[in-house]
Amino acid sequence: MQAFKQGDLDGFCGIYSVINAVHYVSGPLSATQSKRLFRLFLEYLEPKNSLLERADGEGVLLNELSGMVNIARDHYPIQRQKPFHKQPGIAFEDYWTQCQQFLSQPDSIILIALEGMHSHWTLTHQMTDSMMYLFDSSSCKQLHKRHCQMFSDEDETKPHYFYATHTYFIRRKTMNKAFIAGENSGEYITTRPVDAEDILTMAKQLISRKYARGRIIDNPRAAADYLPHKLAEYEHETFWALFMDNQHRVLAFEKLFTGTIDQASVYPREVLKRALQLNAKAIIFAHNHPSGQTEPSNSDIQITQKLKQVLNLVDINVLDHFIVAAENVTSMAELGHC
């Protein structure tokens, strides 16, 4: 994303952060559109305080940031939520997990308050287990858990810290041009007649969210609901693994092998290697049967038992192995083979 620069006017960073948020989730904005938003925000802020004082470092207040986002919503299809509003305390790992989960969704950014030499706002749309990658007008590049370094033109570093309760999640309102979110969670409304391509696009987006990093899988059978849609496009056998941590939060959902599922094509050593790379503590396996038969073969049973033995040596639990055939899903755990 190309950020709109503000120079050294740290007091205006809230303005530019909102412009950048709109630019990312609903843009790209043209220069004319960004200047229009800038003027609207100035008109909103100017009566509240001297712009000269703001430019000198007083910054944009929390409620003012909310007001600017609401102004942007009047002109662009964005929606926001403030998930930790009025919470007296937040477990840091829970906060980090929610951020990861949200950022895995298409067209989403997180607007965060940072405080240090100057209070200011910044945004991110990428993160790893330990690092957020930031975009704002003060050249803040990375945030490592609670702490980040900011770099000035003189290469002087200034420590900054962020506050979890001062966080907005912002995304595009529509998942695609044919659907919008309904009143209830998980419900969507069509904005016009839809065709097969619209439905398939929507299904792929929902599947991506279902297995997004950070999602909690509290029921192995529930994890299988979307497998027919995920694996239906393959005319040959494919072998997948859903890697999770010790709280059953998704780490990755990956296709590991292609071809007939037997001990010649599924290598437990490679599965173990990938599980250790991800620091996984639990795994759900899945593979498809293009023939349409849902019963596990002897090879299916043997490789499942072999995988369980290898992974148990390093305390990684195999929760289930699903066989997908057309619209049907068979659980090998329910059959006593896992």
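None of the figures in this text is laboratory data; all of them are computed from the coordinates on show. What you see is a predicted model; the values in this text were computed from it and never measured. Using ideal geometry, Cβ is built from the backbone for each residue, glycine included, and neighbour counts are taken over all protein chains shown.
Within segment 71-104, which trypsin sites (Lys or Arg not before Pro) sit in a loop by DSSP and count at most 14 neighbouring Cβ atoms inside 10 Å? List each step's numbers first, then the result.
Details: sites: Arg73, Arg80, Lys86; in loops: Lys86.
In loop regions of segment 71-104 (DSSP not H, G, I, E or B), the sparsely surrounded trypsin sites (Lys or Arg not before Pro) are Lys86.
The convex hull drawn around the Cα atoms of segment 216-331, when projected onto a plane and averaged over every direction, covers 6.2 nm². Of the residues Asp129, Asp320, the one with the fewest other Cβ atoms within 10 Å heads the list, and the complete ranking is Asp129, Asp320. Going from the fewest other Cβ atoms within 10 Å to the most, the residues Ser130, Ser108, Ser17 appear in the order Ser130, Ser108, Ser17.
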